[in-house]
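The numbers here are math on the coordinates, done by the rules we state, and not lab data. Predicted model only: the values in this text are computed from it and were never measured. All Cβ positions, glycine included, derive from the backbone under ideal geometry; neighbour counts span all protein chains shown.
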Amino acid sequence: MTALISHRADHLGGTIALPGDKSISHRALILGTLARGQTKIRGLLEGEDVLATARALQQLGGHIRKDEDGIWVVDGIGLSGFHEPEAPLDLGNSGTGARLLMGVVAGSGIKAVFTGDASLSSRPMARVTTPLEKMGALVSAREGTYLPLMIEGLLQPMGITYESPHASAQIKSAVLLAGLTARGETKVIEPRPSRNHTEAMLRHFGVPVEESPTADGGMEVSVRGDSLLTAADIEVPADPSSAAFPAVAALITEGSEITMTGIGTNPLRFGLFETLMEMGGDITLTNQRTEGGETVADITVRSSRLRGVDVPADRAASMIDEYPVLSVAAAFAEGTTHMDGIGELRVKETDRIALMEEGLKRAGATVSSTKESMTVTGSGQISGGITVDACHDHRIAMSFLVLGQRADQPLTVEGTETIATSFPGFREMMNRIGADIRSHDA
């Protein structure tokens, strides 16, 4: 088990370029393979999760390579070009890769077995396979919902209208991807809008996507089964979920000012920064632009005196991965921060609510939770001097390493290997701007 120790930092400063967006990187590889023609991808996140998706696509017949200039090249095979893999598709820790590829297989007329590491194998998949079964796919899973899982797809599944009980981009994307080869229209109705990278990228590849808000605040999204994808180059913006960690670190560390370049600012991914600004965070956006259908900006963050806020439940879908590090910011805010509608965190790589609550309490914070919420009352004083087990959850690990920058005593985080799945080079980048994160044996 790999452990890192976070020591108190004096201040953070500098301009940094962060890794490419993980969500967009997965989709760029998948849609590039589904298209006809050659797609070039710049800025692809080369983390373990995305590389697992690339390997799985190659097993399915995809042609993916990295050229000498660092650009990833995908020679598309089209919607009907997939073949059955000779071995199970091992997606490692990647829930996004697994769930989106389930949609691809469901509409490809082939059979594939999906496997993953212990963490991915403990995450429920029925929320995705249920609508795929309604479209005609045959599914067999351990205990009905866990990996290993087998899907036998159809060359032309049934188009359906699916009312999802969850605002989940993974569910929506899996159904839409299967719908690309379905008979007629496939529609997903969500209770609240989730991140829309799949819709934006489908349009980038020439596929008409219909979107319309529902009367009760949800969203309807649909595609037609006669759609064709045409290759289109992609510039992957920097990941706002990764930017969350240096941003919170700078906000809570006196005398800090950092600038992060080329960050994706898609409104359905930007809930954390909206919340941090409501808390009094000094955050400015400059050089705003659009690249590959996604809005992008440079973001400057300065240390700030934060105050507690109530984060509305309808914002959860736009920042679901960022609540762990938001709870760190809340521990240094004045007053109480209440986060509601976040039950989805309990079925991520870990029960992220439980792990953050336990670790923050042990470090000296005041925290309580329910099945769907977490409440943190800031004190500004974190004792540290403890060891936290991140249980191989990359976002939990990075959140506690940020916490350690303001703790009175060094904070040790175990189970940090999976940081590389989403943020390769995290420790080195943080140390370059002034953090003091050391390996356990340093």
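Of the cross-linked pairs Lys111/Lys348; Lys134/Lys348; Lys40/Lys348; Lys172/Lys348; Lys40/Lys134, those separated by over 28 Å at the C-alpha level are Lys40/Lys348; Lys40/Lys134.
Near Thr129, once Lys and Arg are set to +1 and Asp and Glu to -1 for all other residues with Cβ below 13 Å from its Cβ, the sum equals +2.
With the cut-off at 1.5 for a/c, could you classify region 22-235 from its C-alpha gyration tensor as rounded, prolate or oblate?
Cα axes put region 22-235 in the rounded bin.
Tally Lys and Arg at +1 and Asp and Glu at -1 over the other residues with C-beta under 11 Å from the C-beta of Asp75: what net charge comes out? Working shown, then result.
Values: positive: Arg36, Lys40, Arg65; negative: none.
Neighbour charge sum, excluding Asp75 itself: +3.
GNM on the chain, alpha-carbon springs under 10 angstrom: the most fluctuating residue among Asp226, Asp75, Asp321 is Asp226. Once the other residues with Cβ under 12 Å from the Cβ of Gln156 are scored (Lys, Arg +1; Asp, Glu -1), what is the net sum? Residues near Gln156 contribute 0 overall. Of the labelled options (i) 34, 27, 23; (ii) 44, 22, 16; (iii) 36, 22, 21, which one gives semi-axes √(5λ) of the Cα gyration tensor in Å as computed for this structure? Here semi-axes √(5λ) of the Cα gyration tensor in Å agrees with entry (iii).
Loop-resident GluC sites (Glu not before Pro) (DSSP state other than H, G, I, E or B) in region 188-288 with no more than 16 further Cβ atoms inside 10 Å of their Cβ: Glu254.
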